[in-house]
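Peer 1: Have a look at this one.
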Amino acid sequence: MTLSDLTVLIVEDEPLIAMSVEDALLDRGVRCLGPAGSVSAALTLIETGGFDIALLDVNLRGERVDVVADRLAEAGIPFIFTTGHGTGGLPDAHRARPVIGKPFRDFDLTDALARHRRVEGRPR
């Protein structure tokens, strides 16, 4: 399954993790937007649009991303949490969303995006 026509918003405050995620996705032909390292930057990029799905770190420099998750959900944009805090750290309203636990491998990212594709009914 190809991911080459997918654009992903990366919401991550750790520069090395953000670069690693971006590199892994670019290697698979995925277009990347961001990274957004703060809640305000993420909200700005959401308003700008132009992406299919978001990878969303749960904690950005001590700020919870609940409002970002809420905004994505309101806009009907799918997202996957990336966190080292487990499902207990997820916003209550979004506990049923997919989660990739940190530390993760490149395969974990691309597999989660491919699963999203299958669920959305757009195998490519």
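The values are calculated or read from the model by the stated rules, or taken from the named source; none is laboratory data. What you see is a predicted model; the values in this text were computed from it and never measured. Note that we place each Cβ from the backbone using ideal geometry, even for glycine, and neighbour counts take in every protein chain shown.
Peer 1: When only residues in segment 54-111 that are of a type in the set (S, T, N, Q), buried (at least 17 other Cβ atoms within 10 Å of the Cβ) and within 18 Å of GLY37 (Cβ to Cβ) count, which is modelled with the lowest pLDDT? Write out each step before concluding.
Peer 2: Filtering segment 54-111 down to residues of a type in the set (S, T, N, Q) leaves 59, 82-83, 87, 110.
After this cut, where a residue has to be buried (at least 17 other Cβ atoms within 10 Å of the Cβ) as well, the list is 82-83, 110.
Remaining after also requiring within 18 Å of GLY37 (Cβ to Cβ): 82-83.
On the way: THR82: 95, THR83: 90.
The selected residue is THR83.
Peer 1: A further question follows. If you go through segment 16-26, how many residues are more than 12 Å from ASP57 (Cα to Cα), surrounded by fewer than 22 Cβ atoms within 10 Å (Cβ to Cβ) and not polar (S, T, N, Q)?
Peer 2: Residues of segment 16-26 more than 12 Å from ASP57 (Cα to Cα): 16, 19-20, 22-26.
With the extra rule that they be surrounded by fewer than 22 Cβ atoms within 10 Å (Cβ to Cβ), the set shrinks to 16, 19-20, 22-24, 26.
Now restrict to residues that are not polar (S, T, N, Q): 16, 19, 22-24, 26.
Result for segment 16-26: 6.
Peer 1: Further, regarding this structure: For segment 37-53, enumerate the residues that are farther than 23 Å from ASP5 by Cβ, β-branched (Val, Ile, Thr) and touching a residue at least 12 places away in the same chain (Cβ under 8 Å).
Peer 2: Residue satisfying the conditions is VAL39 alone.
Peer 1: Give the number of residues within segment 88-124 that are in a helix (DSSP H, G or I) and within 15 Å of the chain's Cα centre (by Cα).
Peer 2: Residues of segment 88-124 that are in a helix (DSSP H, G or I), as a first pass: 88-89, 92-94, 106-119.
Keeping just the survivors that are within 15 Å of the chain's Cα centre (by Cα) gives 94, 106-117.
So the count comes out to 13.
Peer 1: Would you confirm whether or not segment 16-33 contains a residue that is more than 14 Å from the chain's Cα centre (by Cα) and over 14 Å from THR110 (Cβ atoms)?
Peer 2: yes
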